[in-house]
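Participant: Below is one structure. I have some questions about it.
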Amino acid sequence: MLEKPTLYVKLAGYVIFVLYSELRRALKTTWIQRQASWFGPVAPSSRTRNIVIVGASFAGNHVAHLLTTSLPPNSPYRVIVIEPNSHFQFTWVLPKLCVIKGHEHKAFIPYGGTVFNKPEGVLRWIQDRVTGVTKHGVTLEKSNEEVPYDILVIATGSGVEKGLPSRVNATDKLQGMQLMREMQIDIESAKTVVIVGGGAAGVEVATDAKALYPYKNIILVHSRKVVMHRFGSGLQKSALEGLERLGVEVILGERVVENRSKATVTLTSGRELECDLIVNCTGQKPSSEILANLSPSIISPNGHIKVKSTLQVADVQLPNVYACGDVANTNTPNPNARSAMRQAAVVADNILLVARGKDPRNEYANYWPDGVIKLTLGLDRSVTHLGDGVSELLFKSKETDEALMSAMCWARMGQKPFDDPYMKERNVGSGMVTR
Ligand SMILES: Cc1cc2nc3c(=O)[nH]c(=O)nc-3n(C[C@H](O)[C@H](O)[C@H](O)COP(=O)(O)OP(=O)(O)OC[C@H]3O[C@@H](n4cnc5c(N)ncnc54)[C@H](O)[C@@H]3O)c2cc1C
């Protein structure tokens, strides 16, 4: 009976803790920037030690932001970020914007707002992919350059072989937008769509497609007995109700074993589904391969990088290598942007200690409120879920913005929504098309 009130109290405690941590960090940063304005930054040539960050999504970009704002002005360290994508790719909105036309440009946010504007020499940003890591440096794909590191942060997250609607699998904004438009048109043209995977991406694509095109057959196939199986039973029930309310056919406890042609899907039971489009919403895998040669024993069977509580990788030979975000094996029940950014803060704080000649001592622990999820169930409604494993809270709401939280994310990235010089340079405006 007291579970729910207890959950509210715990939530309030968490919010106070987060606000206190943010305030403390803001005060520290202000103090460092004040020092920089008094003494001036060191000459760029004096910054001879490299902190290399591989991957600049929620985790890597946040480490870069915290370090470039908090390294003391006289520090010999500089930050080098290596990221293949032209833009920050905002995963949260991908499933919806692969169905609904006209907003795809909003999923690609220019880098730099919170990171670039730093004294000369503090940051080098390299648009490239790391192909290998040695004890002393990383190798780049396009330029073949070897970038030496004193401290390395692996924030390469996870990927999906088949790409959209979960991941973009294109490094350039215009190419990524094109892939999203192709999926929108494929869904628009299909009579029957089979969506594989009843996690958040599958549920959102299914409910959006059915809400937008009520006359189509939309079938969701999920291998478990419930949709959204990693979350509490309240969310599972709400998600199923949302799917059924719109008329999505939900097939549970079945896997797709074969799709002999684009026209037929065979399930484990032998049942065959006629369709003209299959949308795969499964198969996210940690992108840890760059460490596989240097330290094979720290790659877990499911591909995550094993880490200590300080988020240094679990290899005594590599005390200067950290991993954070989706790629790190932190036993986070539902890894998401919040947990990735909290891990980023632990890594940044440990690196700042090391930069001052101290031992890394900040530790990462899972906090249940990080697992909060907002699930949309069609074009105009959503449910937000919070649970601590004992009890759960559900908040249903109306959705008025088709692009969800895109504008907020642009603002958090220090950018004016949806103003992108990259698009203007290529003379494509915002790239918007209307429905
Ligand atoms: C469809 C979808 C919806 C989601 N919705 C939500 C949500 O609503 N709320 C929420 O909190 N979380 C959500 N998540 C989860 C969230 O997106 C992830 O937890 C988060 O992106 C993890 O961030 P990350 O920085 O660890 O890794 P990623 O976001 O996976 O980014 C990894 C980065 O590393 C780069 N990279 C990879 N390999 C290399 C290499 N070899 N060299 C250089 N760079 C490399 C990639 O280009 C990429 O930029 C969603 C995820 C998906 C897929």
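Computed from the coordinates by the stated procedures, all read-outs in this text should not be read as laboratory data. Keep in mind the model is a prediction, meaning the values are calculated, not measured. With ideal geometry, Cβ positions are generated from the backbone for all residues, glycine too; neighbour counts draw on all protein chains shown.
Participant: Given an 8 Å cut-off on Cα distances and at least 6 residues of separation, report the relative contact order of segment 281-435 as a percent.
Facilitator: Relative contact order for segment 281-435 comes out at 12 percent.
Participant: Right, something else. Any chance you could count the Lys pairs in segment 154-311 whose alpha carbons are under 21 Å apart, treating pairs 8 or more apart or on different chains as valid?
Facilitator: Taking the Cα cut-off of 21 Å, the pair count is 12.
Participant: Moving on. Do you know the Lys pair count in segment 326-429 for C-alpha distances under 25 Å, with sequence separation 8 or more or different chains?
Facilitator: Counting lysine pairs in segment 326-429 gives 4.
Participant: Expressed in nm², what is the orientationally averaged projection area of the convex hull enclosing the Cα positions of the chain?
Facilitator: 22.5
Participant: Let me ask you something else. Give, as ranges by residue number, the residues of segment 46-71 whose backbone N falls under 19 Å from the point 7 Å along Cα→Cβ of E120.
Facilitator: 46-49
Participant: Running a GNM on the chain with Cα contacts under 10 Å, which residue among S70, S45, S295 ends up with the highest mean-square fluctuation?
Facilitator: S45
Participant: Tell me the relative contact order for segment 328-377 as a rounded percent, counting alpha carbon contacts under 8 Å between residues six or more apart. Please report the intermediate quantities before stating the final value.
Facilitator: Values: 30 pairs, mean separation 21.7, N = 50.
Over segment 328-377, the number comes to 43 percent.
Participant: Hey, what did the chain get for relative contact order, percent, Cα under 8 Å, at least 6 apart?
Facilitator: Over the chain, the number comes to 17 percent.
Participant: Taking the chain as a Gaussian network, where each spring joins two C-alpha atoms under 10 Å apart, which residue of P286, P110, P214 fluctuates the most?
Facilitator: Evaluated over the chain, the most mobile residue of the options is P214.
Participant: Just to confirm my numbers, what's the Cα centroid distance between segment 173-245 and segment 91-143 in Å?
Facilitator: Using only Cα atoms to place each centre, the spacing works out to 27 Å.
Participant: How much length is gained if the chain between E258 and K396 is pulled fully straight, taking 0.36 nm per residue apart and subtracting their Cα-Cα distance, in nm to one decimal?
Facilitator: 46.0 nm
Participant: Give the separation of the Cα centroids, segment 348-402 to segment 1-64, in Å.
Facilitator: 16
Participant: Using R₀ = 22 Å, calculate the FRET efficiency as 1/(1 + (r/R₀)^6) where r is the Cβ-Cβ separation of E249 and K225; round to 0.05.
Facilitator: 0.85
Participant: Restricting to the chain, what percent of DSSP beta bridges are antiparallel, rounded to 5?
Facilitator: Of those bridges, close to 50 percent are antiparallel.
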